Amino acid sequence: MTKKERVAKLRELLDKAYPDVKCSLDFETPVEMLVAVQLSAQCTDARVNIVTKELFKKYKTAEDFASADINELQEYIRSAGFYKNKSKNIIACCQRLVEVYDGKVPDTMEDLLTLAGTGRKTANLILGDLYGKPAVVVDTHCMRLSRRIGLTKEEEPQKIEMDLKKIVPPDYQLRMCHQFVYHGRAVCTARSPKCDVCPIYEVCKRVGVEPKH
């Protein structure tokens with residue numbers, strides 16, 4: 001089975017197992033999404049959603065974040081971890097949004113990477129979920145599952161992204177990454193994957209092609 005054939009079968013199985021997937025962060029505007037994704041670094045989405053529930057009542061626009069008092073912002077996001085660095089990045093990021101992009105979140109990888117606190121993972125999530133563009137979001141789940149399944153042997157996120165872009169159809173890239181998150185949390189966990197109940201067992205290179213049951 002070639003990697004493209006593996007992806008085609010994987011798509012069929014994951015679509016059946018996780019038909020309705022989406023970004024698990026809560027947001028209503030592009031700026032809110034950008035801030036939420038930055039807060040999610042080294043933090044669970046569930047915790048971020050608790051933090052942003054109050055945060056987004058206080059700060060609603062890029063202008064609001066750009067002019068925020070850093071100490072006050074830190075108090076709002078303290079429980080998301082790394083709050084000093086995150087608050088600094090959020091303010092700098094939104095200042096650039098205001099100064100260069102008229103307060104709007106840009107829609108190209110090149111522009112997004114000029115924003116403080118924004119790497120390729122964040123940029124791809126923005127491009128995919130906000131603007132409907134092909135995007136491979138290489139988070140910890142994507143890294144783990146793509147290697148276990150046999151879609152890549154790379155360990156660096158950007159190299160994994162490039163490998164997946166070669167074999168995953170553009171219209172499936174983002175959905176697959178979201179499905180990896182769901183599957184990684186529920187079944188294909190880091191330490192004790194539940195292979196005996198895995199819906200994609202037959203295409204997983206880690207365990208072979210014959211189910212245990």
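Details
- Kirkwood analysis of the Cα pair distances in region 96-213 returns a hydrodynamic radius of 15.4 Å.
- By other beta-carbon atoms within 10 Å, ranking C177, C188 with the fewest at the front produces C188, C177.
- For region 176-190 versus region 62-84, the gap between their alpha-carbon centres in whole angstrom: 30
- Pairs beyond 32 Å (Cα-Cα), from K16/K88; K88/K205; K104/K205; K84/K205; K57/K165; K86/K133: K16/K88; K88/K205; K104/K205; K84/K205; K57/K165
- The Cα trace of region 30-130 gives Rg and Dmax of 12.2, 32 Å, the first to one decimal, the second as a whole number.
- Annotation for K53 and S24: the two label points, set 7 Å from Cα along the Cα-Cβ direction, are 1.7 nm apart.
- Max mean-square fluctuation residue, GNM over the chain, Cα-Cα springs under 10 Å, options R47, R191, R175: R191
- Residues K4 and E63, FRET efficiency given R0 of 45 Å [Cβ-Cβ distance, rounded to 0.05]: 0.45
- Helix-only mean residue ellipticity at 222 nm for the chain, each DSSP H run of n ≥ 4 adding -39500 (n - 2.57), per residue, nearest 500: -16500 deg cm²/dmol
None of the figures in this text is laboratory data; all of them are computed from the coordinates on show. Predicted, not measured: the structure shown is a model, and the values here were computed from it. Virtual Cβ from ideal backbone geometry, glycine too; neighbours counted across all protein chains shown.
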